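A.B. asks: After the structure tokens below, expect a handful of questions from me.
The values are calculated or read from the model by the stated rules, or taken from the named source; none is laboratory data. These figures come from a predicted structure and were not determined experimentally. Backbone-built Cβ (ideal geometry, glycine too); neighbour counts: all protein chains shown. When the accessible area is computed, the model is the full protein with side chains, heavy atoms only, and any ligands, DNA or RNA have been set aside. Shrake-Rupley method; radii C 1.70, N 1.55, O 1.52, S 1.80 Å.
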Amino acid sequence: MIESYPIAAEELEYEEEIKHSRFISLVFPCHSPEEFKQQLQQIKQRYPGASHYCQAFICGAPMGQSAMGSSDDGEPGGSAGRPMLAVLHGAGIGEIGAVVVRYYGGTKLGVGGLVRAYSSGLKQMLPRLATKTKMLREKGRLVCRYDQLADIEHLLQRLDVLIEEREFSDHIRLTLAVPLSVIESINNELAPMSQGQLKIDFSQ
């Protein structure tokens with residue numbers, strides 16, 4: 001099971017000329033297909049009148065079944081979007097979008113040439129792209145007494161558990177986002193603090 005993966009943490013741009021055509025490759029953080037569409041529209045405004053805006057994106061884990069897609073945007077089938085997506089997969093980076101803008105220069109490249117051209121900029125950029133680690137988390141709920149809260153917060157901070165919501169009544173109810181890597185052990189660590197009474201509920 002994947003517990004974490006790297007995600008894009010910045011935008012990069014790379015431009016090259018191949019047989020008189022300009023290829024402008026852009027990569028950027030992308031968390032949803034809707035966000036990718038917004039980025040694509042902004043790129044079209046920045047680079048108006050291009051011949052093609054070929055695309056690829058992965059909106060979750062790099063090798064997962066998350067939302068992903070690609071488009072040749074008028075280039076011959078399979079010559080742009082799918083090769084771009086393959087480069088993104090090969091880099092092992094998730095939550096990333098890529099657009100390659102082409103200004104046609106009058107010389108046809110052929111399918112093989114297009115595959116190399118649309119992949120080239122991404123291959124140049126991805127090794128130097130800044131990334132950050134995304135921890136996969138499971139929702140959980142914990143009910144505790146007021147006098148237990150300080151010790152619980154210390155434990156949660158040590159285990160990188162996020163407190164998403166606090167409800168105060170006769171007891172305190174915490175909504176938590178627990179890293180998958182500590183789900184097996186966290187209740188064992190809570191038990192000595194409360195004679196086994198404290199336990200995170202992951203069933204809801």
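A.B. asks: List pairs: first in segment 100-122 and free of Cβ contacts under 8 Å to residues at least 60 places away in the same chain, second open to solvent by 40 Å² or more (accessible area, probe 1.4 Å) and part of a loop (DSSP other than H, G, I, E, B), Cβ under 7 Å, 6+ apart or cross-chain?
C.D. replies: 111/76; 114/76
A.B. asks: Then there is this: Taking segment 156-170, which residues are open to solvent by 70 Å² or more (accessible area, probe 1.4 Å) and over 25 Å from residue 3 (Cα atoms)?
C.D. replies: 166, 167, 168, 170 - these are the residues of segment 156-170 that are open to solvent by 70 Å² or more (accessible area, probe 1.4 Å) and over 25 Å from residue 3 (Cα atoms).
A.B. asks: Working carefully through the options 51, 21, find the one that is at pLDDT 95 or above, out of contact with any Pro (no Cβ under 6 Å at 6 or more places or on another chain), crowded, with 16+ Cβ neighbours inside 10 Å and under 16 Å from residue 105 (Cβ atoms).
C.D. replies: The unique qualifying residue is 21.
A.B. asks: From 184, 153, which residue is out of contact with any Lys or Arg (no Cβ under 6 Å at 6 or more places or on another chain) and open to solvent by less than 100 Å² (accessible area, probe 1.4 Å)?
C.D. replies: Step by step, each of 184, 153 is checked, and only 153 is out of contact with any Lys or Arg (no Cβ under 6 Å at 6 or more places or on another chain) and open to solvent by less than 100 Å² (accessible area, probe 1.4 Å).
A.B. asks: Quick one: count up the residues across segment 69-110 that are open to solvent by less than 30 Å² (accessible area, probe 1.4 Å), part of a helix (DSSP H, G or I) and out of contact with any Phe, Trp or Tyr (no Cβ under 7 Å at 6 or more places or on another chain).
C.D. replies: 4
A.B. asks: To continue, here is another question. Considering 114, 126, 122, which residue is out of contact with any helix residue (DSSP H, G or I) (no Cβ under 7 Å at 6 or more places or on another chain) and either open to solvent by less than 60 Å² (accessible area, probe 1.4 Å) or part of a helix (DSSP H, G or I) (or both)?
C.D. replies: Selected residue: 114, the only one of 114, 126, 122 that is out of contact with any helix residue (DSSP H, G or I) (no Cβ under 7 Å at 6 or more places or on another chain) and either open to solvent by less than 60 Å² (accessible area, probe 1.4 Å) or part of a helix (DSSP H, G or I) (or both).
A.B. asks: Might you check whether a residue that is in contact with a Ser or Thr (Cβ under 9 Å, 6 or more places away or on another chain) and surrounded by fewer than 16 Cβ atoms within 10 Å (Cβ to Cβ) occurs anywhere in segment 55-66?
C.D. replies: no
A.B. asks: Moving to a separate point now. On the basis of being of a type in the set (S, T, N, Q) and buried (at least 21 other Cβ atoms within 10 Å of the Cβ), does residue 41 make the cut?
C.D. replies: no
A.B. asks: I would also like to ask the following. Of the conditions (1) at pLDDT 95 or above; (2) more than 22 Å from the chain's Cα centre (by Cα), residue 148 fails just one. Which one is it?
C.D. replies: Single failed check for residue 148: (1).
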